[in-house]
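To start, the structure under review is shown below, and the notes come after it.
The values are calculated or read from the model by the stated rules, or taken from the named source; none is laboratory data. Please read these numbers as outputs of a predicted model, since none were measured by experiment. Positions of Cβ are backbone-derived with ideal geometry, glycine not excepted, and every protein chain shown enters the neighbour counts.
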Amino acid sequence: MNGPSQGGGGLEQQMQEAARGRTLLVAAARGAVCGLAGAAVMTASEKVEQILTQRPDSYVPARTLLTLLGNRPRQEDKPLLWNHAMHWGTGAALGALRGIWSATGIRGPFATMKHTGFRLAFDQTLENATGMGAPPSTWTPREQIVDVLHKAVYSAATGLAADRWIPPALESRKGATSH
């Protein structure tokens, strides 16, 4: 017979797991909202940068999303609404991840740095897997810096909002020492 003390699925354990699941779901939903705020801040920083540098809008995100949905956009296509869908959708999705991080104690500047890398990797993976983007190593140094800076702005804004709004209710100390 498996009881709570023997690793079985006792009622108390089931209730704790359900509460943990609800906490994670709420953290993900709040994180998605924080991610939308981060995407808004990133958009504003991009528009300011574009005014200063005269860099045109990129439609690689839109073409990536369309390709993921089974379409074959041309490089000269500029589907603005699909660009917005990818921009805001990615902001919300990766914001949900950051919300879960905040709830589980992955917080602060170190988490923001990791989240920036995750955001860059996510975008590049999809863009290159679909054939709609080129690896950053083929970009000019200026383009690389601009991309990293804007993703850092997104992650900083998202992380600040998430860490402020989502308490570290599921932070654990298990495994804090070497295995």
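Within the range 30-64, how many residues turn out to be closer than 18 Å to residue 142 by Cα, in contact (Cβ under 8 Å) with a residue 60 or more places away in the chain and either part of a helix (DSSP H, G or I) or touching a His at 6+ places or on another chain (Cβ under 9 Å) (or both)?
Of the residues in that region, 6 qualify.
Being out of contact with any Leu (no Cβ under 6 Å at 6 or more places or on another chain) and touching a residue at least 24 places away in the same chain (Cβ under 8 Å) is the filter here, so list the residues in the range 114-129 that pass it.
Of all residues in the range 114-129, those out of contact with any Leu (no Cβ under 6 Å at 6 or more places or on another chain) come to 114-118, 120-129.
Matches in the range 114-129: 115, 116, 118, 120, 122, 123, 126, 127.
Restricting to the range 98-116, what's the tally of residues that are of a type in the set (Phe, Trp, Tyr) and within 15 Å of residue 165 (Cα to Cα)?
From the range 98-116, those of a type in the set (Phe, Trp, Tyr) are 101, 110; that's our starting set.
This time we only want the ones that are within 15 Å of residue 165 (Cα to Cα), so: 101.
Total satisfying the criteria: 1.
Is it fair to say residue 92 is closer than 15 Å to residue 30 by Cα, under 11 Å from the mean Cα position of the chain (by Cα) and either modelled with pLDDT under 95 or not polar (S, T, N, Q) (or both)? First the steps, then the outcome.
Details: closer than 15 Å to residue 30 by Cα: yes; under 11 Å from the mean Cα position of the chain (by Cα): yes; either modelled with pLDDT under 95 or not polar (S, T, N, Q) (or both): yes.
When the stated conditions are applied, residue 92 passes them.
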